[in-house]
Structures are given as structure tokens and as C-alpha cells.
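Written below as C-alpha cells is the structure these notes are about.
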Amino acid sequence: MNIITFDPFRTIGINGVKYIKPENVFANIEDIKEADYILFPQYWQVNFLVYGLNKKIFPNINTFHLGHNKIEMTRALLATFPEHVPYTIISGKTGDSVNKLEEDMGYPCVAKEVKNSMGQGVFLINNRKELKTYVNNNDTLYIQEKLPIDRDLRVVYVGNKVIGAYWRIGREGVFHNNIAKGATFSFEDIPEEAIKLVDDVANKLGINHAGFDVVKVENKYYILEFNVLFGNEGLKQLDISVSDIIYKYIMSDFDPNNPRFPGFPRKLVS
């Protein structure tokens, strides 16, 4: 099979893959046309690869379109699994935005930039001054209720299965639970309900490569967001090779005798 990747680091271990630098895509357009699969294109490449050249890409078009923007992601979740979305306000900026947000949401709340990840562009808003700063710096406003949590659950979905999950526990007194922000891992007491929720959401929305951020509040699970390009540190500690799973998944598109890869190791779930 003829496979091209635009991200060699996420495809390490997949033999026979040709790497092309994203900026050289048009200089190599004949190779692109001959490829059976394109792995990890950049977002600006997705539309012409899929709609112009009819290429199979991984992650798929659903994953890219919904995962690229928190607003599109949240609206898709509100349309399909509204009971698992924190109270969220999405609006344009007006002269009365601060007053309206104060009235509708109150403090504290969480403000987000719509195209950021790894804890970047996520702000804890405690007062009017902080809210005004956020509003002044963003044309599109995305505000969520602050949930009473000290950790979140990263659930990783690749191909057509959840392949791993772990808690990310924030440092005491630190708002973010991201590993990039100093949080720690825990692999104990992974709730089966959260695994099922992510499996249901990914299947419904057609997602095939994402790290979902799930939190639990009073026995109810909420999805904060999902990231198309997620860190693999926690999966490495579980001895899970994402590239092996990706290869088996894309091969199953071409070989009907190749069974779908095994799913999430249930022995890790208590």
C-alpha cells in the first residue's frame, strides 16, 4: 500500500511510509495523487486532499472539521449529547458583552480561545476586570461554567475503539489539569461509564483520532473538549503504540481478511 505522511513523528514505526514536508505538497502532487492513504495532513491541506483529490486521510475529515474549532465541536456535542456538555455561552462581541456574561454566567467561569489546545488559551475568570480583558482580546466569546474538579480523564480514541485512558491530576492550587501545565498521571479507577460515553460520541460524530477530556461531577460525566493531535506520554506508560494501531486500522480498509484491531484493554478499567 502506498502511504504518505505529513507528520513523521506520529507515524514512527509504520514501515514503508513516505514523508513529504507539508509546504512541499504541490511540488509532490503526482505522488499525492498516487497515494492510497495520507496520514496527518495539516488542516489547511484537508479540503483539497479530500474534496479535490478524493484521498483517504487519517485522521478523517469529520475529526479535522469538528476538532479544529471549539465552537464547531461544542455545537456538535450540544446537538447530540447535550446532557454531557457544561453550560456554555458562545457569542459574538458587542458593547454589552461583559454585562450580559456577568448576568448569565457569573463568577468564577472559564473563558476559552476557540483554536487552542494543551491548556493554552484557557482562562479562569474571577472578576469583571479579567472578563473585560478576555472580551477585549477575543472577537468570538466562548464561556463555560467552572466545574468543581481537581482532575480530568483523558480518554484516547483511535480508529474505531478507545485504546487507553488515564486521569490527569492538577497541581494543588493550579487551575489547569494538562500534563503540559504540570499535572500528573493516574491509571487507577478508570470509570467504565466514561469509556462508554467517549465510544458513543466518537461513533456518533465519526471521529477516529482524538483525545477526549472528560470530567465527573456528582456521578455525571461531561466532555470538555477533544483534541485531534494529543500527547502520547500517558499511552507510552501503558505500553500502547498508537502508530501500530493506526496501521492496523487503515489496513483494514483494504484487506477484508484483516480483523479490526483489539480495543481498549479492559483489565485497566475498574
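The values are calculated or read from the model by the stated rules, or taken from the named source; none is laboratory data. All values derive from a computational prediction rather than experimental measurement. Glycine gets a Cβ as well: all are built from the backbone with ideal geometry, and neighbour counts include every protein chain shown.
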Residues that are β-branched (Val, Ile, Thr) and outside any loop (DSSP other than H, G, I, E, B), drawn from the range 147-168: VAL155, VAL156, VAL158, VAL162, ILE163
Residues of the range 1-35 being more than 18 Å from HIS209 (Cβ to Cβ), touching a residue at least 24 places away in the same chain (Cβ under 8 Å) and charged (D, E, K, R), in sequence order, are ASP31, GLU34
With respect to the numbered conditions (1) under 25 Å from PHE185 (Cα atoms); (2) at pLDDT below 95; (3) out of contact with any Lys or Arg (no Cβ under 9 Å at 6 or more places or on another chain), which one is the sole condition not fulfilled by LYS112? (3)
Which one is nearest to TYR249 (Cα to Cα) among residues in the range 39-58 that are in a strand (DSSP E or B) and in contact with a Leu (Cβ under 6 Å, 6 or more places away or on another chain)? PHE58
How about the range 169-270: which strands (runs of 3 or more DSSP E) wholly inside it have at least 1 residues that are at pLDDT 95 or above? 209-217, 220-227
What's the total number of residues in the range 59-74 that are touching a helix residue (DSSP H, G or I) at 6+ places or on another chain (Cβ under 6 Å) and outside any helix (DSSP H, G or I)? 1
First in the range 52-65 and at pLDDT 95 or above, second anywhere and of a type in the set (Val, Ile, Thr) and part of a loop (DSSP other than H, G, I, E, B), Cβ under 7 Å, 6 or more apart: PRO59/VAL228; ASN62/ILE207; THR63/ILE207; THR63/VAL228; PHE64/VAL228
Of all residues in the range 89-146 being among the small types (Gly, Ala, Ser) and in a strand (DSSP E or B), which is farthest from LEU224 (Cα to Cα)? GLY92
Take LYS115 and tell me if it is surrounded by fewer than 17 Cβ atoms within 10 Å (Cβ to Cβ), closer than 30 Å to ILE32 by Cα and of a type in the set (Lys, Arg). yes
